[in-house]
Amino acid sequence: MRVSEITPGELAKYAREDETDTEILSTFSLILSAVKSFIKGYTGLSDEQLDTKEDISIAVFVLSNEMYENRIFTVKDNNVNKVVQTILDMHSINLL
């Protein structure tokens with residue numbers, strides 16, 4: 001699945017939420033936009049380039065669910081999801 005094909009409804013379903021609830025869909029629409037921006041900033045890839053890396057879709061789903069589940073600001077042990085970090089690191093082109 002390409003990143004551009006991911007919908008808020010699919011993210012809601014992944015999070016085991018009602019994908020027909022307009023309030024939930026609105027929340028996931030905002031989250032999807034934020035996740036795409038985060039991934040583009042992290043990797044340096046454009047929208048078109050993201051679509052060529054199908055494994056980045058997994059990162060979109062995981063990050064979206066993480067944002068939805070953790071809607072309060074807390075930091076615990078500065079942990080990063082290793083699967084997401086590995087996927088994004090593999091495609092990062094903006095290394096200094």
Residue satisfying all of: in the range 34-55; within 17 Å of GLN85 (Cβ to Cβ) and of a type in the set (A, V, I, L, M, F, W, C); surrounded by the fewest Cβ atoms within 10 Å (Cβ to Cβ) among these: PHE38
Taking PHE38 as meeting all but one of (1) modelled with pLDDT of 95 or more; (2) of a type outside the set (D, E, K, R); (3) closer than 16 Å to MET67 by Cβ, write down the number of the exception. (1)
Can you tell me how many residues within the range 19-33 are in contact with a helix residue (DSSP H, G or I) (Cβ under 7 Å, 6 or more places away or on another chain) and either surrounded by fewer than 16 Cβ atoms within 10 Å (Cβ to Cβ) or small (Gly, Ala, Ser) (or both)? 1
Selection from the range 10-57 of residues assigned to a helix (DSSP H, G or I) and of a type in the set (D, E, K, R) yields GLU10, LYS13, GLU23, LYS36, LYS40, ASP47, GLU48
Leading residue by the ranking (modelled with the lowest pLDDT) among those in the range 58-84 that are surrounded by fewer than 13 Cβ atoms within 10 Å (Cβ to Cβ) and not in a loop (DSSP other than H, G, I, E, B): VAL83
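The values are calculated or read from the model by the stated rules, or taken from the named source; none is laboratory data. It should be emphasised that the depicted structure is a prediction, and the values quoted were computed from it without experimental measurement. In this analysis, Cβ positions are derived from the backbone assuming ideal geometry, glycine residues included, and neighbour counts consider all displayed protein chains.
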